[in-house]
1. Pull up the cross-link candidates among the lysines for Lys107, meaning alpha carbon to alpha carbon under 26 Å and not fewer than 8 places away within one chain.
2. Expected output is a single nm value to one decimal: the length gained when fully extending between Asp96 and Glu165, i.e. 0.36 nm times separation in residues minus the C-alpha distance. What is it?
3. Pull up all non-local amide H partners of His83: gap of 5 or more, or a different chain, and H-to-H distance under 5 Å with H placed in the peptide plane.
4. So for the chain, taking the charge dipole from beta-carbon charges (+1 Lys/Arg, -1 Asp/Glu), which of Pro44, Ala262, Ile199 sits furthest toward the positive end?
5. Identify, among Ile89, Ala57, Gly21, the residue whose Cα sits farthest towards the positive end of the charge dipole of the chain, taking +1 on the Cβ of Lys and Arg and -1 on the Cβ of Asp and Glu, with the dipole about the Cα centre.
6. Once you have the Cα-Cα distance between Phe271 and Lys55, take 0.36 nm times their residue separation minus that, and quote the gain in nm to one decimal.
7. Beta carbons within 10 angstrom, averaged per residue: use that to sort the peptides 85-92, 102-109, highest first.
8. Write down, largest first, the equivalent ellipsoid semi-axes of the chain in whole Å, where each equals the square root of 5 times an eigenvalue of the alpha-carbon gyration tensor.
Amino acid sequence: MALITSKEMFQKAYEGKYAVGAFNVNNMEIIQGIMIAAQQEKAPLILQVSAGARKYASPVYLRKLVEAAIEDTGMDLCLHLDHGEDFEICKQCVDDGFTSVMIDGSKHPFEENIALTKKVVDYAHERGVTVEAELGKLAGIEDNINVDEKDSTFTDPDEAVEFVERTGVDSLAIAIGTSHGAFKFKGEPRLDFERLEKISRLLPGFPLVLHGASTVPQEFVELNNQYGAQIPGAKGVPEEMLLESTQYGVCKINIDTDLRLAMTACIRQVFVEQPAVFDPRKYLGPAREAIAKMVAHKMKNVLNCSGKA
Ligand code: G3H
Ligand code: 13P
Ligand code: ZN
C-alpha cells in the first residue's frame, strides 16, 4: 500500500482499453466516498488536488487525508496535482510527495508551453514523478462554432506529436470538445472523435487525458433543483462517449463536477426534508454515500476499470 505514479496504471489502461478515474478531492468525506467505491470495485485510482483545494484545505491536511485513505484501505493510489499553473506549484507538490503533477501551460503560446512543460518534466522525472501537460484549450462545442474557431482551440494532432517528443511528458490532456463545469453543451453533446482518433493514431501507446469529463447525472441535477438549487440546463458528457474515448488511448478521465453535484444534492435534501437536523454527520454522511455509489457506477460502467487494481 503506497502512493504510486501513473506510469504503470496508464500502461495497463492503454493495453486494456479502459480509463482510470481521476477524482478531485477537497475534504475527508469526498475522499472517503471515492475510497469506498474504489475498494468495492477493486479499481485503480487517481486522487487529484487543485491549487484551490490546497488553498481551501491546506496542503498538509489533504496529504495526510490521502495517507489515511491508503492506510485504511490498503490500496495503492496516485496523488496528482490538477492544473498546476507554473513551475513553482509543480515543484512544491513534487517535493511534498505527490507522485504525479500536471503542468497546465495551455494558455501559453506553443513554444512557451513546451519550455514550461519541459522544465517541469526535467525536475519531476529526476525525482521519479510523472507529468501530465495540456495542449489546446478546453471549450464546449457551441451550436454555431465554425471550423476556424474549432481549429484554434482544439488540439492540433501534429502539434501534439511535436509537443510530446520535445517535452518527454508522460501523458497529454487534449481538447476535443469537453469543458469544465456543469454546462458543457448548449445543444446536442458532441466530441470531435475524428480528431481524437488521429491524435491517438499519431501517438501509439501514449496515454491521453480527458478533462471536463463529468457526465452531470440528471438525477442529481433534478434533485438539486427540486430542493432549491438553480442549475437548469446543466448537461455533461454522455457516458457512452467517455467509454468510446477509452478505445482511442484515453487513459485518464477527470471528474470533479459530478462529485459536487452529488454532494450538494444530498445536503440540500436533508436540509429541506429534516429542518431540525444540525449535526453535520447527518448530512455529510448521506453525501459521502451518494458519492460512493456514483463513483462505483462510473468505475464499472463508464471507465470500465473495475477489477483492474
Ligand atoms: O478543473 C478544475 C477542477 O474542477 C478543480 O476546480 O479549481 O475549483 O478546485 P477548483
Ligand atoms: P468536470 O468539471 O467535468 O468534473 O472536470 C474536472 C476536471 O477536468 C478537473 O481537472
Ligand atoms: Zn481539468
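Each value in this text was obtained by applying a stated rule to the coordinates, not by laboratory testing. Computed from a predicted structure; not experimentally measured. Reconstructed Cβ throughout: ideal geometry from the backbone, glycine too, with neighbour counts over all protein chains shown.
1. Of all the lysines, those that pass the test against Lys107 - Cα under 26 Å, at least 8 places apart if same chain - are Lys7, Lys55, Lys91, Lys118, Lys119, Lys137, Lys150, Lys184, Lys186, Lys198, Lys235, Lys252.
2. Working: separation 69, 0.36 × 69 = 24.84 nm, distance 2.78 nm.
Here the answer is 22.1 nm.
3. Residues meeting the amide H criterion: Met102.
4. With unit charges placed on the Cβ atoms, the residue in question is Ala262.
5. Most positive-ward Cα: Ala57.
6. Values: separation 216, 0.36 × 216 = 77.76 nm, distance 2.73 nm.
Computed gain between Phe271 and Lys55 is 75.0 nm.
7. Details: 85-92: 16.2, 102-109: 20.0.
Sorting 85-92, 102-109 by mean packing, highest first, produces 102-109, 85-92.
8. On the way: eigenvalues 178, 113, 61 Å².
Here the semi-axes work out to 30, 24, 18 Å.
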